[in-house]
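> Pasting a structure below so you can have a look.
The values are calculated or read from the model by the stated rules, or taken from the named source; none is laboratory data. Note that the structure is a prediction, hence the values are computed from the model and not measured. Methodologically, a virtual Cβ is constructed for each residue, glycine included, from the backbone with ideal geometry; neighbour enumeration extends over all protein chains shown. All accessible areas refer to the heavy atoms of the entire protein, side chains included, with ligands and DNA or RNA removed. Shrake-Rupley method; radii C 1.70, N 1.55, O 1.52, S 1.80 Å.
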Amino acid sequence: MFNFLKNFIIAFLVVLAVYQTNKLWFENFSSHNFFYTVLHDSLGERQSAEIKSETLYAAAGSGSGRFFLSYEPEKINEMKQTAVKAAVEALSKGEKSDYSEEIFKNIIENRCIVITFGFLMTAEYFYSLYGGSGSEVNDFDSIVLGDDSSGVLKVVFFNSSTLEETAFDLKRYSDMDIIRTIIDESEPETGGIYYISSIASGYDVFKGSEFIPAWSGEMYFYTTAKTNPLEGDEATAADRFAGSYFENPVLKWTSIDEGVYTFSDESTVVKLYPAGVMEYSSYARSTAVKTASLGEKLLAAESFLDNEPNLKNEYFLREYKTEDDRTVFYFDLKINGYILELSAEMKEKTGLESFIEVTVDGSSVSKCKRYLRDYSTTIKEPVYTEKSFLEVIDRGLNELQGETIESLRLEYLENGDEGAPLCYYAIIDGREYTETAF
């Protein structure tokens, strides 16, 4: 009897072991991955939530020739929501209207709101992000709302590089008072930075439509500081940093080869490179939806980054590339109301095209690469400078022997030195030109 009971127990344990092994190998593998678990728990809650990283900046003008412009999410959110709502209604109910560069110049010279995305938007992508349906529009990166004296709202889907557009009229639009209030409350501060329109000002050297930074007198400016999350004892810091990507960090495998730290388990690999780049890869077999719209893919990428415990700065979508059902999203950062991006030298050194690159297969994040630095503002200092954008573009055109300016903006630039200086950043005939702002 005792031997029978012993054999029964052994047989039961063997069956249980086989079942557990089978379950481990054939169940949804990704449940063993910490980031997958957190991502999909939060993704379910965010299905109807608002995508946040697609807007580069918002601007408003009251007809004075000076524009308020901001990159900061908390300052531009109302303008973005207002513009998107009007755009959705224009596509479904608006009347297509005549358009010319002279008409657009008249809109910009008067009362208007401009929302600019960090990338070129298709009608399909716009609908996947914000819903709605209706008219076809040319690819665009800006939505312009023009408040003319007749009470008709002009809604223009505008490509700021090529000046191509699709325009609509909305008559008796219900939110006109909201639009007018936003414009009235968005005057740039006296003595601070403001922006002027290249089209309204007649600067023909610019290829498209640009908002050009300018200021008079003294301007307040924050210097920046950056920290490396792997400072100190490198091996200990690397192990601690990588551990946050694993559900059970104690069980991860660790190796180092030619300065590259590699941490892995059965479904996740994290590599830390000497150039300051982190690469996360998930090989989890996922039950997630295999096909997804671009909006759903961006939502998955954002949800991943929002749960990234080591990401301290605001980010925005610069570009995306799609091949079959795989999409790579390229994000840069924002700090103190300006863009922060890698210089050309840093892009070459790191092998990155932007600060953060997230790959989404189907509707699941399979890879994330990013430059490991955290940025903060330090002392707010008054600065006076006589350097103007006209001097900068003259020097840039002369140095590069260029003819056309494709873009010009103020931004922080990561060039590998201490801090990240505020610079004029220009693209002239496809080439970069930078110059410190002060």
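> Report in % the part of the accessible area of the range 96-149 that belongs to carbon and sulfur, leaving out ligands and nucleic acids; probe 1.4 Å. Intermediate results must be reported in sequence, preceding the final value.
Values: 960 of 2340 Å².
Reported share for carbon and sulfur atoms: 41 percent.
> Here's something else I'd like to know. What figure, in Å² to the nearest 10, do you get for the accessible area of D204 with a 1.4 Å probe and non-protein molecules left out?
140 Å²
> Over the heavy atoms of R240, what accessible area does a 1.4 Å probe trace out, to the nearest 10 Å²?
Ignoring ligands and nucleic acids, R240 comes out at about 150 Å².
> May I pose another question? What relative contact order, as a whole-number percentage, does the range 314-438 give when Cα pairs under 8 Å and 6 or more residues apart are counted? Each step should come with its number before you reach the end.
Working: 210 pairs, mean separation 24.8, N = 125.
With pairs under 8 Å counted, the relative contact order is 20 percent.
> Just need the relative contact order of the range 263-387 here, percent rounded to a whole number, with Cα pairs under 8 Å and 6+ apart.
Values: 198 pairs, mean separation 36.0, N = 125.
After rounding, I find 29 percent.
> Sticking with this one: Explain nothing, just the number: relative contact order of the range 102-147, from Cα pairs under 8 Å at least 6 residues apart, as a whole percent. Write down the numbers at each step before the final one.
Values: 43 pairs, mean separation 25.9, N = 46.
Worked out over the range 102-147, it gives 56 percent.
> Whole number in Å², please: accessible area per residue of the range 287-438, 1.4 Å probe, ligands, DNA and RNA not counted. Provide the component values of the computation, followed by the final result.
On the way: 6410 Å² over 152 residues.
On a per-residue basis, 42 Å².
> Filter the cross-link list K93/K297; K85/K349; K52/K387 down to pairs whose alpha-carbon distance in this structure exceeds 32 Å. Walk me through the numbers before you get to the answer.
Details: K93/K297 28 Å; K85/K349 42 Å; K52/K387 34 Å.
With Cα atoms farther than 32 Å apart: K85/K349; K52/K387.
> Modelled label-to-label distance, N415 and T223, 7 Å Cα→beta-carbon offset: nm?
Rounded to a tenth, the inter-label distance reads 1.6 nm.
> Another one. Suppose R0 equals 51 Å; then what is the FRET efficiency for E432 and R172 from their Cβ-Cβ distance, rounded to the nearest 0.05?
On the way: r = 47 Å, r/R0 = 0.92.
Rounded to the nearest 0.05, the efficiency is 0.60.
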